[in-house]
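Everything below concerns the one structure shown next.
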Amino acid sequence: EAYRKEIEGLEIVTPQQLEEYRIKFLGTKGIVKSLFGEMKNVPNERKKEFGQVLNDFKQFAETKYETAKEQSAGNGQQAVEEIDLSLPGDAMQTGSRHPINLVRKRILDIFNRLGFAVADGPEIEDDWHNFTSLNLPEHHPARDMQDTFYIHQNPDWLLRTHTSNVQTREMEKGKLPIRIICPGRVYRNETISARAHCFFHQVEGLYIDEHVSFADLKQTLYFFVQELFGKDVKVRFRPSYFPFTEPSAEMDISCLICGGDGCRVCKHTGWVEILGCGMVHPKVLENCGIDSNKYTGYAFGMGIERIAMLLYQINDLRLFSENDVRFLRQFV
Ligand code: PHE
């Protein structure tokens with residue numbers, strides 16, 4: 001009788017309440033089951049009477065369940081109707097392009113328009129294609145400029161330190177003229193910091209034909225930076241040294257951040273270095289079977305990260321490889 005009262009007083013609205021009710025009264029360990037379990041303790045002569053009361057109660061509890069179930073289904077229906085279907089939905093997360101990819105594409109697009117074809121090469125390279133063919137014989141001090149990862153099993157193998165290996169491989173094919181642009185990942189054994197990493201990405205260019213001059217190189221690179229950074233950018237070439245080019249130069253552009261007035265990015269010089277370049281050393285041409293009396297060529301190489309950092313004002317190289325979505329999401 002007490003249970004009957006309890007049930008009458010119950011308010012079952014939510015599906016959760018309904019389920020709680022079912023478990024408490026009608027479940028396999030519920031109250032109805034346990035009352036039937038009491039049957040064995042009832043003296044024989046009262047069993048009939050007790051059974052009738054129990055059956056009534058069971059029916060009562062079940063009816064309550066059924067009506068509550070119908071009602072709460074009705075409530076669910078109502079809830080559905082309250083949803084405003086004209087509201088805009090949640091946007092789907094679509095992902096975004098990596099800034100390195102975006103900048104690489106921009107660089108390649110510019111050189112494609114100038115007639116450069118994209119060329120590719122292996123990241124695991126042998127000593128000849130990464131160093132020796134490029135006028136960097138064993139024990140050459142300039143090898144130390146590029147701290148190299150060697151492959152343990154074979155000292156002749158290494159992770160390429162620059163994409164110049166693609167240039168050697170292309171020259172060795174012997175088809176001239178050559179006008180290629182080589183994007184790719186390169187590796188150097190450097191301590192990871194805001195300004196250095198053990199891998200990064202380069203784009204290198206190579207043009208070999210009859211009568212290619214340093215003036216061609218300068219004009220091509222000048223066009224390139226104007227396309228990439230805008231018409232106002234100024235350039236300057238400083239004499240430099242690379243074993244595979246002679247003469248060699250480094251190219252600076254006027255600082256985009258401060259416009260040349262001096263800031264932290266350009267270390268208060270007004271200029272930032274963006275690439276190395278030069279005329280391909282005759283010895284490199286000969287190493288690859290090209291007649292250096294007939295042909296000349298120029299080459300240049302730049303780091304994609306460095307350019308992306310300038311374009312997007314990113315101040316820490318590590319952001320490019322940490323894959324933090326809060327960083328990546330900002331690029332479209
Ligand atoms: N290979 C050079 C480097 O990785 C860049 C470079 C390429 C310089 C071509 C001159 C000519 O630093």
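Annotation: of all residues in region 202-259 being touching a Cys at 6+ places or on another chain (Cβ under 8 Å) and of a type in the set (V, I, T), the one that is farthest from A119 (Cα to Cα) is I257. Restricted to region 136-159, and to residues that are closer than 21 Å to L285 by Cβ and in a helix (DSSP H, G or I), which residue is farthest from the ligand (Cβ to nearest atom)? Ranking the qualifying residues of region 136-159, first place goes to R143. Apart from one condition, R179 fits all of (1) within 16 Å of the ligand (Cβ to nearest atom); (2) open to solvent by 50 Å² or more (accessible area, probe 1.4 Å); (3) part of a helix (DSSP H, G or I); the exception is (3). Could you please let me know if I107 is surrounded by 15 or more Cβ atoms within 10 Å (Cβ to Cβ), at negative phi and assigned to a helix (DSSP H, G or I)? Here the answer is yes, as I107 does meet what is asked.
Checked against the criterion of being in a helix (DSSP H, G or I) and either away from the ligand (no atom under 16 Å from the Cβ) or exposed (fewer than 15 other Cβ atoms within 10 Å of the Cβ) (or both), region 111-121 contains one or more residues that satisfy it.
Given the structure, is H162 within 11 Å of the ligand (Cβ to nearest atom), open to solvent by less than 50 Å² (accessible area, probe 1.4 Å) and assigned to a loop (DSSP other than H, G, I, E, B)? So H162 passes the test.
Residues in region 221-239 that are within 13 Å of the ligand (Cβ to nearest atom) and either open to solvent by less than 40 Å² (accessible area, probe 1.4 Å) or not in a strand (DSSP E or B) (or both): L221 alone. For region 243-261, the set of residues classified as open to solvent by 30 Å² or more (accessible area, probe 1.4 Å), touching a residue at least 40 places away in the same chain (Cβ under 8 Å) and near the ligand (Cβ under 10 Å from one of its atoms) consists of F244 only. Here A91 fulfils each of the conditions (1) open to solvent by 50 Å² or more (accessible area, probe 1.4 Å); (2) assigned to a helix (DSSP H, G or I); (3) not charged (D, E, K, R) apart from (2). What is the residue count in region 125-150 for residues that are of a type in the set (A, V, I, L, M, F, W, C), modelled with pLDDT of 90 or more and open to solvent by 30 Å² or more (accessible area, probe 1.4 Å)? So the answer is 2. What's the total number of residues in region 262-307 that are under 32 Å from the mean Cα position of the chain (by Cα), away from the ligand (no atom under 13 Å from the Cβ), closer than 23 Å to Y241 by Cβ and free of Cβ contacts under 8 Å to residues at least 40 places away in the same chain? Residues in region 262-307 being under 32 Å from the mean Cα position of the chain (by Cα), away from the ligand (no atom under 13 Å from the Cβ), closer than 23 Å to Y241 by Cβ and free of Cβ contacts under 8 Å to residues at least 40 places away in the same chain: 4 in total.
Scan region 49-88 for residues that are at pLDDT 85 or above and either under 24 Å from R22 (Cα atoms) or surrounded by 10 or more Cβ atoms within 10 Å (Cβ to Cβ) (or both) and the total you get is 19. Just the residues that are loosely packed, with under 14 Cβ neighbours inside 10 Å and in contact with a Gly (Cβ under 8 Å, 6 or more places away or on another chain), please, taken from region 278-329. Selection gives G289 alone.
The values are calculated or read from the model by the stated rules, or taken from the named source; none is laboratory data. Here the structure is a predicted model, which is why all the values come from computation and not from measurement. Reconstructed Cβ throughout: ideal geometry from the backbone, glycine too, with neighbour counts over all protein chains shown. Note: accessible area is taken over every heavy atom of the protein model, side chains too, but ligands, DNA and RNA are not part of it. Shrake-Rupley method; radii C 1.70, N 1.55, O 1.52, S 1.80 Å.
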